[in-house]
1. Got at least one residue in region 95-110 being surrounded by fewer than 22 Cβ atoms within 10 Å (Cβ to Cβ), of a type in the set (Val, Ile, Thr) and either assigned to a loop (DSSP other than H, G, I, E, B) or in contact (Cβ under 8 Å) with a residue 40 or more places away in the chain (or both)?
2. Taking the residues in region 204-243 that are of a type in the set (Phe, Trp, Tyr) and surrounded by fewer than 23 Cβ atoms within 10 Å (Cβ to Cβ) as candidates, determine which candidate is nearest to residue 93 (Cα to Cα).
3. Answer yes if at least one residue in region 78-92 is within 17 Å of the chain's Cα centre (by Cα) and assigned to a loop (DSSP other than H, G, I, E, B), and no otherwise.
4. Of the residues 182, 187, only one is among the hydrophobic types (A, V, I, L, M, F, W, C), part of a helix (DSSP H, G or I), closer than 18 Å to residue 264 by Cα and out of contact with any helix residue (DSSP H, G or I) (no Cβ under 7 Å at 6 or more places or on another chain); which?
5. Of the conditions (1) among the small types (Gly, Ala, Ser); (2) farther than 30 Å from residue 5 by Cα; (3) in contact with a Lys or Arg (Cβ under 6 Å, 6 or more places away or on another chain), residue 239 satisfies every one except a single condition; which number is it?
6. Please go through region 28-60 and pick out each residue that is in a helix (DSSP H, G or I) and either in contact with a strand residue (DSSP E or B) (Cβ under 6 Å, 6 or more places away or on another chain) or among the aliphatic types (A, V, I, L, M) (or both).
7. Of the residues 134, 114, which single one is crowded, with 19+ Cβ neighbours inside 10 Å and more than 28 Å from residue 276 (Cα to Cα)?
8. From the list 75, 37, 11, 22, which residue is surrounded by fewer than 18 Cβ atoms within 10 Å (Cβ to Cβ), within 30 Å of residue 306 (Cα to Cα) and of a type in the set (A, V, I, L, M, F, W, C)?
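Rule-based calculations on the coordinates, nothing more; no lab input. Predicted model, so just to flag it, every value in this text is computed and none were measured. Using ideal geometry, Cβ is built from the backbone for each residue, glycine included, and neighbour counts are taken over all protein chains shown.
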Amino acid sequence: MKTLAWLEYYLMVPWIWLRLTLHNTWGILNVLDLIWLRPMPGGLLDLEHPFCTGVNPATQKPVWNENVLFRTPRLARWPGAIPPEPDEVIIEKVGQHLCHQVCQAAARPGWPTGQAAAMPPGILYIHGTVHYNGGWLLFNDFNEAIRHFSDRRFRAEFRRFVREEGREPVTLFRDRDYNRTAFAQFACCLRSLFPWFSNCNGPKKFVLWGNPSPYPAVNTITGHWIRDTRALATPHGRAKVARPPIPPQRYFQDGPYAGDRDQPRWPERLLAWLTEHRIRLRGARENLYFVDKRKIRRGFRFGPQPIASPWQRFRKLWQ
């Protein structure tokens with residue numbers, strides 16, 4: 001049985017990588033649509049919108065802990081010097097961090113189109129679809145997560161959640177003192193098991209294409225953010241886009257889960273190395289894909305004025 005699973009993995013990796021490339025290209029084109037072709041203006045939301053508060057209107061409490069799909073038991077003895085905060089605090093800190101990203105594009109007194117920010121409004125809005133509507137998984141460390149994701153039943157539940165709910169999954173880790181290479185390899189493990197791009201964010205220096213986050217967090221980009229982000233363009237969409245919490249005990253109820261490994265395999269290590277090498281070749285642009293980090297360092301910010309459309313830029317060029 002283990003030999004069969006091993007063989008299936010290696011036969012499927014090229015196919016999954018191909019699908020991943022096609023799916024990620026579609027996502028990139030949609031982001032470019034949001035920020036350049038049909039740029040979304042700032043100020044579509046106000047600071048009271050659930051994407052900016054993280055609060056469930058039905059309970060007047062933060063929604064994130066209501067959307068936890070799966071969590072492992074905390075280690076009885078934490079190997080590091082400083083044990084992690086309670087699970088509820090970890091999840092709320094990451095949720096609040098993502099809320100802050102959305103708030104930069106929100107209307108407020110004196111800033112009707114949001115504040116000037118390092119990211120364009122379209123990208124800032126995406127964070128709302130992830131943190132408010134997303135489903136959260138929580139593990140102690142990367143090895144424990146690989147042990148779960150290498151279980152066929154666990155992967156099936158992960159896919160079922162994405163298929164049935166149409167939401168983005170976020171995988172969090174309690175351990176903030178992580179090895180950056182191990183983090184990159186875990187993200188590439190997910191990219192080799194699922195045809196979706198997984199981005200790794202955390203409190204240390206960036207990992208691959210990742211950004212800052214209070215705790216290590218992997219956003220698996222399934223593409224459902226496109227529908228929710230575009231919904232913000234209309235008043236009706238803005239009123240309906242914040243979805244109710246995921247019903248409890250609907251997913252991952254067939255545990256315990258334990259796959260055939262807790263370490264990344266060589267294709268995953270290779271993919272991590274190639275991605276890191278590609279980012280190094282970018283030089284001072286580093287790991288920001290949609291904006292130029294060199295310009296950000298020099299003080300460039302998007303807004304508060306709206307981003308010009310291609311037609312507006314063309315007209316200005318010839319005036």
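1. For region 95-110, residues surrounded by fewer than 22 Cβ atoms within 10 Å (Cβ to Cβ), of a type in the set (Val, Ile, Thr) and either assigned to a loop (DSSP other than H, G, I, E, B) or in contact (Cβ under 8 Å) with a residue 40 or more places away in the chain (or both): absent.
2. Filtering region 204-243 for residues of a type in the set (Phe, Trp, Tyr) gives 206, 209, 215, 225.
Within this subset, residues satisfying the condition of being surrounded by fewer than 23 Cβ atoms within 10 Å (Cβ to Cβ) are 206, 209, 215.
Values: 206: 18, 209: 21, 215: 8 Å.
Filtering first and then ranking leaves 215.
3. Here is the first cut: in region 78-92, the ones within 17 Å of the chain's Cα centre (by Cα) are 90-92.
Next cut, assigned to a loop (DSSP other than H, G, I, E, B) only: none.
No, region 78-92 contains no residue that is within 17 Å of the chain's Cα centre (by Cα) and assigned to a loop (DSSP other than H, G, I, E, B).
4. 187
5. Result: residue 239 passes all but (3).
6. Going through region 28-60, the residues in a helix (DSSP H, G or I) turn out to be 28-37, 50-53.
Within region 28-60, 28, 29, 31, 32, 34, 35, 37 meet the criteria.
7. Residue meeting the stated conditions: 114.
8. Values: 75 fails: within 30 Å of residue 306 (Cα to Cα); 11 fails: within 30 Å of residue 306 (Cα to Cα); 22 fails: within 30 Å of residue 306 (Cα to Cα).
Of the residues listed, the single one that is surrounded by fewer than 18 Cβ atoms within 10 Å (Cβ to Cβ), within 30 Å of residue 306 (Cα to Cα) and of a type in the set (A, V, I, L, M, F, W, C) is 37.
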